[in-house]
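Below is one structure, written out as structure tokens; the observations come after it.
The values are calculated or read from the model by the stated rules, or taken from the named source; none is laboratory data. Fair warning: this is a prediction, and the values are worked out from it, not measured in the lab. As a convention, Cβ positions derive from the backbone with ideal geometry for all residues, glycine included, and neighbour counts pool all protein chains shown. In case anyone asks, the SASA skips ligands and DNA or RNA and just uses the protein heavy atoms, side chains included. Shrake-Rupley method; radii C 1.70, N 1.55, O 1.52, S 1.80 Å.
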Amino acid sequence: HPVEHADIVPRDGTGNDHPLRWAGIRARVRAAALACDDRREHEHGYEQEPERTASMPVMPGAEPYFHSGGSTGVLLCHGFTSTPQSMRPWADYLVKAGLSVSLPRLPGHGTTWQELAGTRWEDWYGEVDRAYEELRGHASEIFAMGLSVGGCLALRLAEMRGNAVAGLVIVNPLITAD
């Protein structure tokens, strides 16, 4: 690769620190989530959960995916307005490598924009956490991977689960530097 990339998250130079500075990342993830909630409440004029209606049918191909393979598991998280279908090539590659793979459908995704508009990041994280628990029954080591908002959810999972998440692969997450 002809382009050199600096570390996304700076290290202290000793080689002994964790590649992610969890305290700073926790604060940035929490701040981003709170900003989304505040903006949503302001734009829509409510402070409580909006009333939920019955779930819409899921579009064909947008169903969640699970494969029980080896003792190493991967929890894949798709991005905003996307579906598990967009991550299936990645999931299929991991399955061929002998891994257990969970690819949940985030609530509201793969249905209608109206249903998606009635969900919040907590709903999406709740589904990721549920999928983690399910995968834990099939794998002794779990990595979290995600694209875009899915990458943010993977970061949140690592923040909440700590060392129980063996590693992260995140592609284009929304992270701001302080």
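Can you put Phe143, Phe80 in order of accessible area, largest first, using a 1.4 Å probe?
On the way: Phe143 60, Phe80 105 Å².
So the residues, ranked largest to smallest area, are Phe80, Phe143.
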Phi-derived 3J(HN,Hα) across segment 99-106 with the Karplus relation (6.51, -1.76, 1.60, θ = phi - 60°), rounded Hz, x for Gly and Pro, is 8, 7, 9, 10, 10, x, 9, 5
Could you calculate the FRET efficiency of Ala166 with Glu122 from 1/(1 + (r/R0)^6), where r is the beta carbon distance between them and R0 is 22 Å, rounded to 0.05? 0.35
Could you go through segment 148-161 in sequence order and give the Karplus-derived ³J(HN,Hα) for each residue, using 6.51 cos²θ - 1.76 cosθ + 1.60 with θ = phi - 60°, rounded to whole Hz, and x for Gly and Pro? 6, 4, x, x, 5, 5, 5, 4, 5, 4, 5, 5, 6, 9
Computed over segment 97-175: relative contact order in percent, which uses C-alpha pairs under 8 Å that are six or more apart: 26 percent
Applied in sequence order to segment 120-125, the curve 6.51 cos²θ - 1.76 cosθ + 1.60 (Karplus, θ = phi - 60°) yields integer Hz couplings, x standing for Gly and Pro, of 10, 4, 5, 5, 5, 5
Can you give me the solvent accessible area of Thr119 with a 1.4 Å probe, rounded to the nearest 10 Å²? 10 Å²
Pull out the extension gain between Thr81 and His67, defined as 0.36 nm times the separation in residues minus the alpha carbon to alpha carbon distance; nm, one decimal. 2.7 nm
Given the C-alpha centroids of segment 98-113 and segment 139-177, what is the distance between them in whole angstrom? 15 Å
For segment 61-178: rounded, prolate or oblate by the Cα gyration tensor [a/c cutoff 1.5]: oblate
Label segment 112-178 by shape, choosing from rounded, prolate and oblate, from the square roots a ≥ b ≥ c of the eigenvalues of the Cα gyration tensor; if a/c is under 1.5 it is rounded, and otherwise prolate applies when a/b is larger than b/c, oblate when it is not. oblate
Take Lys96, project a point 7 Å from its Cα along the Cβ direction, then tell me which residues of segment 63-82 have their backbone nitrogen under 20 Å from it. 65-77
Taking the dipole about the Cα centre of segment 80-134, with the C-beta of Lys and Arg at +1 and of Asp and Glu at -1, give me whichever of Ser82, Tyr125, Leu94 is farthest to the positive side. Leu94
